[in-house]
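J.: Quick one: this structure, given as structure tokens, is what I'll be asking you about.
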2 protein chains.
Amino acid sequence: MVNQKSFQDYYPDELSHCYGCGRLNEHGLKIRSYWDGQDAVAVIEPKSYHIGIPGYVYGGLIASVIDCHCIGTASAAALRAEGRAMDETLPFRFVTASLHVDYLRPAPIRAILEVRAKVKEIKGRKVIVAATVSVKDEICARGEVVAVQMPDKMMPASETA
Amino acid sequence: MVNQKSFQDYYPDELSHCYGCGRLNEHGLKIRSYWDGQDAVAVIEPKSYHIGIPGYVYGGLIASVIDCHCIGTASAAALRAEGRAMDETLPFRFVTASLHVDYLRPAPIRAILEVRAKVKEIKGRKVIVAATVSVKDEICARGEVVAVQMPDKMMPASETA
């Protein structure tokens with residue numbers, strides 16, 4: 001998938017600084033998401049210091065990858081629901097209304113995490129996405145994100161802080 | 001509070017490498033939690049690159065601080081429920097069974113986040129902790145963590161990976 005463009009590669013530059021998935025955030029995790037049939041998939045290899053209990057991946061990292069992957073999936077799914085391709089138009093940019101993660105078993109560090117998302121519902125500006133995080137096909141965590149289209153007032157151009 | 005010992009300062013060295021709150025993780029967030037009456041409080045100043053949409057704090061960071069702060073609170077609360085002080089004995093170490101975050105409004109970057117937690121329930125090895133994340137007394141996110149005492153098999157000494 002490395003030669004393919006990910007969902008996040010279609011975000012415009014001003015919305016590509018996210019610590020989790022922004023291609024322009026040099027400190028960030030650079031999560032990249034792709035369609036795999038009806039599912040969306042991302043893989044990430046945590047750094048050695050991304051641990052909670054030694055030997056196991058930090059739960060906050062798992063929450064972060066679920067968050068960004070589901071938000072990217074919501075963006076791609078909203079376009080696909082309109083029959084449009086991602087390279088045809090600017091994607092909708094979603095933000096997280098809620099995030100839920102159930103940690104089923106500790107994920108070993110020094111392994112590749114596969115995050116797999118399914119769109120549960122698209123309703124107006126809201127998309128609900130469910131995800132699993134697995135290591136070698138064993139599910140370590142399940143998550144759900146309620147994604148909403150970003151309000152215009154959050155656009156960086158209107159930042160006044 | 002900087003001269004006080006935080007909950008996490010009482011964790012033994014082998015359980016102090018967490019990316020979120022381990023005092024021995026040089027790359028980590030070093031979240032530190034303290035009692036404030038019945039509440040537990042932590043403050044964190046995100047780095048400039050901890051952004052989601054430019055100008056606003058990354059949601060995954062907010063999830064991470066809720067996670068670690070509530071786990072630390074569970075640990076302190078479990079001891080307190082037994083009438084013991086943290087410097088009297090090794091604290092119980094908890095892990096996250098589930099994490100839920102509702103994002104109410106974007107938290108501006110370049111601000112101090114205050115995370116305030118309340119223990120909702122202590123039942124056997126399980127503690128439920130609710131938290132808010134605020135900037136200048138305005139609540140930006142609400143979270144809830146179900147914390148369970150770490151199973152002995154997760155102790156670093158038994159790591160076989």
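The values are calculated or read from the model by the stated rules, or taken from the named source; none is laboratory data. It should be emphasised that the depicted structure is a prediction, and the values quoted were computed from it without experimental measurement. All Cβ positions, even for glycine, are placed from backbone atoms using ideal geometry, and neighbour counts span all protein chains on display. Please note that ligands, DNA and RNA were not included when accessible areas were found on the heavy atoms of the full protein model with its side chains. Shrake-Rupley method; radii C 1.70, N 1.55, O 1.52, S 1.80 Å.
Quick grid of which residues meet (1) over 16 Å from the mean Cα position of the chain (by Cα); (2) under 24 Å from B:Arg105 (Cβ atoms):
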site	(1), (2)
B:Leu15	no, no
B:Gly22	no, no
B:Glu26	yes, no
B:Pro46	no, yes
B:Gly52	yes, yes
B:Gly59	no, yes
B:Ser64	no, yes
B:Cys68	no, yes
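J.: Would you say A:Ser75 is more than 9 Å from chain B (Cβ to nearest Cβ), within 14 Å of the chain's Cα centre (by Cα) and open to solvent by less than 30 Å² (accessible area, probe 1.4 Å)? Walk me through how you get there before you give the answer.
T.: Values: more than 9 Å from chain B (Cβ to nearest Cβ): yes; within 14 Å of the chain's Cα centre (by Cα): yes; open to solvent by less than 30 Å² (accessible area, probe 1.4 Å): yes.
Yes: the conditions hold for A:Ser75.
J.: Inside segment B:3-32, can you point out the residues that are surrounded by fewer than 21 Cβ atoms within 10 Å (Cβ to Cβ), within 8 Å of chain A (Cβ to nearest Cβ) and modelled with pLDDT of 95 or more?
T.: If the condition is that a residue be surrounded by fewer than 21 Cβ atoms within 10 Å (Cβ to Cβ), within 8 Å of chain A (Cβ to nearest Cβ) and modelled with pLDDT of 95 or more, then B:Asn25, B:Glu26, B:His27 are the ones that fit.
J.: Ok, one more. Being within 18 Å of B:Ala63 (Cα to Cα) and hydroxyl-bearing (Ser, Thr, Tyr) is the requirement here; does A:Ser33 meet it? Don't jump to the end; show me each part of the working.
T.: Numbers: within 18 Å of B:Ala63 (Cα to Cα): no; hydroxyl-bearing (Ser, Thr, Tyr): yes.
So A:Ser33 fails the test.
J.: Now for a separate question. Just checking, does segment B:102-112 include any residue being within 14 Å of chain A (Cβ to nearest Cβ) and within 22 Å of A:Val57 (Cβ to Cβ)?
T.: Checked against the condition, which is being within 14 Å of chain A (Cβ to nearest Cβ) and within 22 Å of A:Val57 (Cβ to Cβ), segment B:102-112 yields no hits at all.
J.: Which condition number in (1) in contact with a Ser or Thr (Cβ under 6 Å, 6 or more places away or on another chain); (2) within 23 Å of B:His100 (Cα to Cα) is the one that B:Trp35 fails?
T.: The one condition B:Trp35 does not meet is (1).
J.: Going by the structure shown, is B:Val65 at pLDDT 95 or above, more than 14 Å from chain A (Cβ to nearest Cβ) and either surrounded by 24 or more Cβ atoms within 10 Å (Cβ to Cβ) or more than 19 Å from B:Val146 (Cβ to Cβ) (or both)?
T.: Numbers: at pLDDT 95 or above: yes; more than 14 Å from chain A (Cβ to nearest Cβ): no; either surrounded by 24 or more Cβ atoms within 10 Å (Cβ to Cβ) or more than 19 Å from B:Val146 (Cβ to Cβ) (or both): yes.
No, not satisfied.
J.: Quick check on segment A:33-55. Is at least one of its residues without any contact (Cβ under 8 Å) to a residue 12 or more places away in the chain, more than 12 Å from chain B (Cβ to nearest Cβ) and part of a loop (DSSP other than H, G, I, E, B)?
T.: Looking for residues that are without any contact (Cβ under 8 Å) to a residue 12 or more places away in the chain, more than 12 Å from chain B (Cβ to nearest Cβ) and part of a loop (DSSP other than H, G, I, E, B), one finds at least one in segment A:33-55, hence yes.
J.: While we're here: Determine whether segment A:98-119 contains at least one residue that is modelled with pLDDT under 95 and among the hydroxyl-bearing types (Ser, Thr, Tyr).
T.: The answer is no; no qualifying residue exists.
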